[in-house]
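Report on one structure; see the data block that follows.
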Amino acid sequence: MPTTIAVRGNAEERIDPELGAVSLSVGASGAEREHTLAGTTEAHERLIGDVLELEASGALDTWSAGQLRVWSHRPWNAEGKQLPVVHAASAELEVVFSDLERLGEWVSEISLRSSVTVGGIEWKLTDATRRTIEEEAQRAAVADAVAKAAVYAAALGLGSPTPIELADTGLLTIQQLPPGVGVERMFAMRGAADAAGGASPAQFTPAKLVIAASVDARFAAEPE
């Protein structure tokens, strides 16, 4: 009678990022609405002008800009007294660099402007590269499952295991997950950078991205 062997195969592929998406916001606040709006509009237009120059130089993959938002509020001081109205304006941009060296230089320059806030940098791959690396990770995860099953079979004195079921993690038809237990993500990417003001370009060297794959598998093995 064949013995069923259930295993989970895991794999990770590490790769340098190809793109860096910089999140930016430009804004100001003040007692005079028109002055605040004019200052923010000027800073926003200047920033977009800089982005257009980057695009023309070939340093960017894509970029997008949100609309200018204006609002007012009355803050409270520590004594609980409501203060005069403060007017604020802001707009957000995302600039995706394909030239990562230029990214570090530009963010270091732009972060010195008082009207600009650098929200962060997300390191990415192009769609084509991501698909290729995902497939490599999937194949490696299956190979890991096969190797584990072979070890278990040999330890039991059984012959070569034959695959009978394979699925993304958590999707095997017989598998029961305890209440509250979630299913793993098939793929995960991670990478971050500190976009603090005044940083040098060297501080924007990204870590490798990690693409992970995981599969559940069942094999059958019989005594030799």
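The values are calculated or read from the model by the stated rules, or taken from the named source; none is laboratory data. Small disclaimer: the values here were computed from a predicted structure and weren't measured. Virtual Cβ from ideal backbone geometry, glycine too; neighbours counted across all protein chains shown. Remember, those area values only see protein heavy atoms, side chains included, never the ligands or the DNA or RNA. Shrake-Rupley method; radii C 1.70, N 1.55, O 1.52, S 1.80 Å.
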With criteria (1) open to solvent by 80 Å² or more (accessible area, probe 1.4 Å); (2) part of a strand (DSSP E or B); (3) within 30 Å of residue 172 (Cβ to Cβ), residue 61 comes up short on (3)
Look through 105, 101, 122 and report the one residue that is crowded, with 17+ Cβ neighbours inside 10 Å and touching a residue at least 40 places away in the same chain (Cβ under 8 Å).
-> 122
Listed residues 38, 88, 78, 56; which is surrounded by 14 or more Cβ atoms within 10 Å (Cβ to Cβ) and either small (Gly, Ala, Ser) or not in a helix (DSSP H, G or I) (or both)?
-> 88
Output yes when any residue across the stretch 174-193 is at pLDDT 50 or above, open to solvent by 80 Å² or more (accessible area, probe 1.4 Å) and of a type in the set (Val, Ile, Thr), and no when none is.
-> no
Report yes if residue 96 is closer than 30 Å to residue 132 by Cα and either touching a strand residue (DSSP E or B) at 6+ places or on another chain (Cβ under 8 Å) or surrounded by 12 or more Cβ atoms within 10 Å (Cβ to Cβ) (or both), otherwise no.
-> yes
Touching a helix residue (DSSP H, G or I) at 6+ places or on another chain (Cβ under 6 Å), closer than 30 Å to residue 163 by Cα and either open to solvent by 20 Å² or more (accessible area, probe 1.4 Å) or not in a helix (DSSP H, G or I) (or both), is that true of residue 6?
-> no
Looking at (1) under 13 Å from residue 89 (Cβ atoms); (2) of a type outside the set (A, V, I, L, M); (3) assigned to a helix (DSSP H, G or I); (4) open to solvent by 30 Å² or more (accessible area, probe 1.4 Å), which is the one condition that is false for residue 44?
-> (4)
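For every residue, the table says whether it meets (1) in a strand (DSSP E or B); (2) surrounded by 16 or more Cβ atoms within 10 Å (Cβ to Cβ).
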{"site": "118", "(1), (2)": "yes, yes"}
{"site": "128", "(1), (2)": "no, no"}
{"site": "131", "(1), (2)": "no, no"}
{"site": "137", "(1), (2)": "no, yes"}
{"site": "151", "(1), (2)": "no, no"}
{"site": "164", "(1), (2)": "yes, no"}
Residues in the stretch 90-109 that are closer than 24 Å to residue 40 by Cα and of a type outside the set (A, V, I, L, M, F, W, C) total 6
Output yes when any residue across the stretch 67-89 is small (Gly, Ala, Ser) and in contact (Cβ under 8 Å) with a residue 60 or more places away in the chain, and no when none is.
-> yes
Tell me which residues, restricted to the stretch 210-224, are surrounded by fewer than 17 Cβ atoms within 10 Å (Cβ to Cβ) and assigned to a strand (DSSP E or B).
-> 210, 223
Check on residue 131, under 26 Å from the mean Cα position of the chain (by Cα) and under 22 Å from residue 211 (Cβ atoms) | yes
Check whether at least one residue in the stretch 107-129 is modelled with pLDDT of 95 or more and of a type in the set (Gly, Ala, Ser), and report yes or no.
-> yes
Count, please, the residues in the stretch 8-47 that happen to be under 30 Å from the mean Cα position of the chain (by Cα) and among the small types (Gly, Ala, Ser).
-> 9
